[in-house]
């Protein structure tokens, strides 16, 4: 097993295995990015709220919900990729 964030240059995957591996990689990056955005949104919503205008606070609250949903969808895509490669433990 290798890092799940990039494909190695000398990979031997073909066809469906390559597609499932790309799903895993894309989902992992999406999860990392959306987690960072959720944390930023939460900080903007609750920690820096006295420094931000109300429109930005509203946007941050909505962003928290949207980015958390993206995280969940990325996890489902990752589970599909892992299941497609034959693993049964996620």
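Does any residue of the stretch 3-12 turn out to be within 15 Å of the chain's Cα centre (by Cα) and surrounded by 13 or more Cβ atoms within 10 Å (Cβ to Cβ)? Yes, that holds for at least one residue.
The set of residues in the stretch 62-90 that are touching a helix residue (DSSP H, G or I) at 6+ places or on another chain (Cβ under 6 Å), without any contact (Cβ under 8 Å) to a residue 40 or more places away in the chain and surrounded by 14 or more Cβ atoms within 10 Å (Cβ to Cβ) comprises 63, 64, 67, 68.
Taken as a whole, the stretch 22-40 holds at least one residue that is modelled with pLDDT under 95 and exposed (fewer than 14 other Cβ atoms within 10 Å of the Cβ).
Give the residues of the stretch 8-61 that are over 20 Å from residue 81 (Cβ atoms) and either touching a residue at least 24 places away in the same chain (Cβ under 8 Å) or part of a loop (DSSP other than H, G, I, E, B) (or both), sorted by residue number. If the condition is that a residue be over 20 Å from residue 81 (Cβ atoms) and either touching a residue at least 24 places away in the same chain (Cβ under 8 Å) or part of a loop (DSSP other than H, G, I, E, B) (or both), then 9, 10, 37, 38, 41, 48, 52, 53 are the ones that fit.
The values are calculated or read from the model by the stated rules, or taken from the named source; none is laboratory data. Since the structure is predicted, the reported quantities are computational estimates derived from the model, not experimental observations. All Cβ positions, even for glycine, are placed from backbone atoms using ideal geometry, and neighbour counts span all protein chains on display.
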